[in-house]
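The structure under discussion appears below in the form of structure tokens.
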Amino acid sequence: MPIKYKFDILPALKAAGYNTSRLRREKLLAESTIQALRTGKMISLDNISRICAMLNCQPGDILEYEPEEGQKEKPPEGT
């Protein structure tokens, strides 16, 4: 998938005081979301929003677009 995390989210949350026990106990993130983050899978925009609130950042601070190998970036239509 061409959208990737710029860094490992769970250690960043832990550094901000949100270990996985706290995330579960306070129902900040579901277990399935925590597992998806562990394996590098994408999560919902609602969860991205929660993480941004906890880390005091913007979605662009944690996500990046990287074209897949052999895939060219196409210019926008009409240009």
Legend entry - Hey, P67 in contact with an Asp or Glu (Cβ under 7 Å, 6 or more places away or on another chain) and either modelled with pLDDT of 95 or more or not aromatic (F, W, Y) (or both) or not: yes
Inset, instruction - State all residues of region 11-29 that are of a type in the set (G, A, S) and either surrounded by fewer than 14 Cβ atoms within 10 Å (Cβ to Cβ) or more than 19 Å from I43 (Cα to Cα) (or both); if no residue qualifies, say none. - result: A15, A16, G17, S21
Legend entry - region 35-54, subset over 14 Å from Y5 (Cα atoms) and among the hydrophobic types (A, V, I, L, M, F, W, C), residue least open to solvent (accessible area, probe 1.4 Å): M54
Legend entry - Complete set of residues in region 1-10 that are open to solvent by less than 50 Å² (accessible area, probe 1.4 Å) and either more than 24 Å from E69 (Cβ to Cβ) or out of contact with any Pro (no Cβ under 9 Å at 6 or more places or on another chain) (or both): Y5, I9, L10
Legend entry - Number of the exception - E64 against (1) exposed (fewer than 13 other Cβ atoms within 10 Å of the Cβ); (2) free of Cβ contacts under 8 Å to residues at least 24 places away in the same chain: (2)
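The values are calculated or read from the model by the stated rules, or taken from the named source; none is laboratory data. These numbers come from a predicted model, not from an experiment. Don't worry about glycine lacking a Cβ; one is built from the backbone with ideal geometry, like all the others, and counts go over all protein chains shown. In case anyone asks, the SASA skips ligands and DNA or RNA and just uses the protein heavy atoms, side chains included. Shrake-Rupley method; radii C 1.70, N 1.55, O 1.52, S 1.80 Å.
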